1. Considering every Cα-Cα pair within the range 51-100, what fraction, in whole percent, is farther apart than 12 Å?
2. Taking the number of other C-beta atoms within 10 Å as the exposure measure, put 99, 10 in order starting with the fewest.
3. Where does each of 18, 56 land when they are ranked from fewest to most other beta-carbon atoms within 10 angstrom?
C-alpha cells in the first residue's frame, strides 16, 4: 500500500513541476514557444548573469590578499608564542632558583 501511495505522490509532484515549467515558459511543456524566443530568453539571462561573475584577475587578486593576511597572522602568532614561551621559561627558572 505504501508503494502505491508513494507512486501517486510522485506522479502528483511530477505534474506540479510540469505545471510550473509550463507557466514559466520552459521547455518542453510550452510547444508554442519557438527556438528563437527560447534563445533570446537565455541570452537575456546570461547578459544579466555575466557581469556578476569573477574574472581570473579578480580571483588572483583575492587570493593574493588572503595569502598576505594569513602571512601577517602567522607571524603575529609566532611572536606571541615566542613571548609566552620565554615568559614560561623565565618563570620556571625563577621558581627553581628561588624555591627552598
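1. Everything past 12 Å amounts to 74 percent.
2. 99, 10
3. Taking fewest neighbouring Cβ atoms as first place, the list is 56, 18.
Every read-out reported here was derived from the displayed coordinates using simple, explicitly stated rules and does not represent laboratory data. Keep in mind the model is a prediction, meaning the values are calculated, not measured. Methodologically, a virtual Cβ is constructed for each residue, glycine included, from the backbone with ideal geometry; neighbour enumeration extends over all protein chains shown.
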